[in-house]
Amino acid sequence: MEDGSRTIRLPQAIRQACAEALAAGRPIGDTKAARVARIAIAVDGLNAIAASLPDTYHWRFTTAEAFLVKLDACRAKRGGAKEVNALYWRDTVATMEAYMVMSVWRMVDIADAALALVETDAIVPAAILARSALESAVQFVHDARTMAASLDHARTHDMATVTVMSEELEKFLLQTVYASRQTGTDPLYKSKNILTVIEKVAKVAKGDPIASEYEMLCELTHPNFLGRSVYFAGVQPKEIPGDEVRLISHRNGVNADAVLQSTLWALSWAIERQASSTHLIQSAIGDLFGAFPFLTKRTIN
């Protein structure tokens, strides 16, 4: 099985600018410039995770009906709490891992495409993808915290003697993994409103201007003036005040740098938080299986 080969390719000019800025100590604290300057570190961190993932992940998926069949078979063999918990939590963790893997790949693909557009000075489409990256990361941060907390709570029980299951966690995973806003979607799978999720994450990530940067990227994404203003190149005033020739050009104009900085900020934040939240889930899974090694043993094929 070959390792996954797709990674985020950071343009050399950006990597060099980040290195110079950090070496000079120009970005300070949690400023916007500091976040942008850390994008190379963020990219390398997520690339390391992506490189550790298999090219093809084998997700052992079990429907509720199939799980009950396996559960009956387990009990028929006089399986106790250990065997039932191994059956249940292997299946639950497999769903979490599959969601995590797909989310990492999604971020890698979005960020790589966005940075390729930045390299060609296609700032508007890069900003549109940066908005998607920010939404994806915010959602994953929120979901990873819930998953990790659920695993940590499960670990407080003695799984060697007590059967531990969570209907609440099962519903959460169904809504999270199969989320959709398409017409006719079963209410069980209706995705969370991203603005609500952003508000929740912003309260935890204090100091990060998530809401304001997201608002700007949304304005760029929608067919509003901000997304067209990057082509505004300058003004040639005439004799009468208020009479002028406005120069527009299919090149980046006066607002392009501000748009670029918001784009790079969003990509840097999204990539870094995707990586840290992936580690959070991996750590919680490792702690659960470390506390109860028998959970990793397959009881029913």
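See the values below:
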{"item": "Exposed trypsin sites (Lys or Arg not before Pro) absent: longest stretch of the chain, with sites in DSSP loops and at most 12 other Cβ within 10 Å deemed exposed", "result": "79-180"}
{"item": "Acute angle (nearest 10 degrees) that the helix 256-291 long axis makes with the longest principal axis of the chain, alpha-carbon atoms", "result": "10"}
{"item": "About the Cα centre, charge dipole magnitude for the range 138-278 (Lys/Arg +1, Asp/Glu -1 at Cβ), debye", "result": "120"}
{"item": "Estimated vicinal HN-Hα couplings, Hz - the range 107-121 in sequence order (Karplus 6.51, -1.76, 1.60; Gly, Pro = x)", "result": "5, 4, 5, 5, 5, 4, 5, 5, 5, 5, 5, 4, 4, 9, 6"}
{"item": "Between 0 and 90°, nearest 10: helix 210-221 axis offset from the chain longest Cα axis", "result": "60"}
{"item": "Cα-based helix-to-principal-axis angle, 39-52 vs the chain, degrees rounded to 10", "result": "30"}
{"item": "Gyration tensor (alpha-carbon) shape descriptor, the range 147-205, a/c threshold 1.5", "result": "oblate"}
{"item": "Average accessible surface area per residue within the range 24-88, 1.4 Å rolling probe, Å²", "result": "55"}
{"item": "Cα gyration tensor category, rounded, prolate or oblate, for the chain with a/c compared to 1.5", "result": "prolate"}
{"item": "Too-long pairs where the Cα-Cα distance tops 22 Å, listed order kept, from Lys32/Lys206; Lys70/Lys297; Lys70/Lys190; Lys77/Lys297; Lys171/Lys200; Lys32/Lys203", "result": "Lys70/Lys190"}
{"item": "FRET efficiency, Phe172 to Val235 (Cβ-Cβ, R0 51 Å, nearest 0.05)", "result": "0.40"}
{"item": "Accessible area expressed per residue, the range 152-301, with surrounding protein chains retained (probe 1.4 Å, Å²)", "result": "59"}
{"item": "Tensor-based shape of the range 128-248 (alpha-carbon gyration tensor, a/c under 1.5 rounded, otherwise prolate or oblate)", "result": "prolate"}
{"item": "Carbon/sulfur fraction of accessible area - the chain, other protein chains in place, 1.4 Å, %", "result": "55"}
{"item": "In the range 1-106, GluC sites (Glu not before Pro) in a DSSP loop with at most 11 other beta-carbon atoms within 10 Å", "result": "Glu2"}
{"item": "The range 53-68 and the range 176-228: distance between their alpha carbon centers, rounded to Å", "result": "29"}
{"item": "Residues Thr296 and Asp121, FRET efficiency given R0 of 51 Å [Cβ-Cβ distance, rounded to 0.05]", "result": "0.55"}
{"item": "Magnitude of the charge dipole, the chain, Cβ model with Lys/Arg +1 and Asp/Glu -1, debye to 20", "result": "600"}
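The values are calculated or read from the model by the stated rules, or taken from the named source; none is laboratory data. On a predicted model such as this, the values are computed, not experimentally measured, just so you know. For neighbour counting, all protein chains shown are included, and Cβ atoms are generated from backbone atoms with ideal geometry for every residue, glycine included. The protein model used for the area step is the full one, side chains on, heavy atoms only, and it has no ligands, DNA or RNA in it. Shrake-Rupley method; radii C 1.70, N 1.55, O 1.52, S 1.80 Å.
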